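Sharing a structure with you now.
The values are calculated or read from the model by the stated rules, or taken from the named source; none is laboratory data. Computed from a prediction, not measured in an experiment: that's the story for all the values here. Using ideal geometry, Cβ is built from the backbone for each residue, glycine included, and neighbour counts are taken over all protein chains shown. Note: accessible area is taken over every heavy atom of the protein model, side chains too, but ligands, DNA and RNA are not part of it. Shrake-Rupley method; radii C 1.70, N 1.55, O 1.52, S 1.80 Å.
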Amino acid sequence: MHLDPLAIITAFGLIFLAELPDKTMFASLAMGTRMRPLYVWFGTSTAFIVHVAIAVGAGSLLGLLPGWSVKLVSALLFGFGAFMLLRGGGDEDEDDAGGKTVTGFWPVFSTAFMAVFISEWGDLTQITTANLAATNGTWSTAIGSAAALMSVSALALVAGRFIAKRVPLKTVQRIGGLCMAALAIWSLVEVFTG
């Protein structure tokens, strides 16, 4: 196993910049305002690691998946997330209690994992990781890509917590729900235009 520091830095830089404006970052931010951020980060990070492993190990298989079906499932998951955030789920007492989180580790971990795992199929960062692995080496690319994806998720969650501490929980939930609904619509539009 040979690690090339330049390949690690290259993968980190490219993937970090590509993931910043990605809908997954906004989904992480929205989940982090309603759920325990560390649990969300574990879920998103695990999904990213699985995707990086798939990308570097079997990058050529990505082209075989029908893109429309992946986008449709992604739209449904974002829609479900929007429903969960917008359904209310609390009264003013919850805001005073410092903002209760959704539930325990496994439900939050599973929700975050599945949201990222499904929505990242065929994503620009996964394709870029596969391409980099073919030219720069699998281990160096895997380390740089995974670190970049996990960093963007952490950045989104920190921003989400910062916002949640300064804005009432109901307002944050509604904005997060509207963001998730917009991501659901965006993914659905991609099904018919892509």
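Just checking, does the range 184-193 include any residue being assigned to a helix (DSSP H, G or I), of a type in the set (S, T, N, Q) and either modelled with pLDDT under 75 or closer than 30 Å to Thr10 by Cα (or both)?
Yes: one or more hits.
Additional query: Residues that are in contact with a Phe, Trp or Tyr (Cβ under 8 Å, 6 or more places away or on another chain), open to solvent by less than 10 Å² (accessible area, probe 1.4 Å) and at pLDDT 75 or above: which helices (runs of 4 or more DSSP H) entirely in the range 100-177 hold 3 or more of them?
Helices (runs of 4 or more DSSP H) meeting the threshold: 105-119, 138-166.
Anything in the range 11-32 that is of a type outside the set (A, V, I, L, M) and open to solvent by 10 Å² or more (accessible area, probe 1.4 Å)? List them, or say none.
Matches in the range 11-32: Phe12, Gly13, Phe16, Pro21, Asp22, Lys23, Phe26.
Further question: For the range 71-87, check the following and say yes or no: at least one residue is closer than 28 Å to Leu188 by Cβ, at pLDDT below 75, touching a Ser or Thr at 6+ places or on another chain (Cβ under 7 Å) and among the hydroxyl-bearing types (Ser, Thr, Tyr).
Yes, the range 71-87 contains at least one residue that is closer than 28 Å to Leu188 by Cβ, at pLDDT below 75, touching a Ser or Thr at 6+ places or on another chain (Cβ under 7 Å) and among the hydroxyl-bearing types (Ser, Thr, Tyr).
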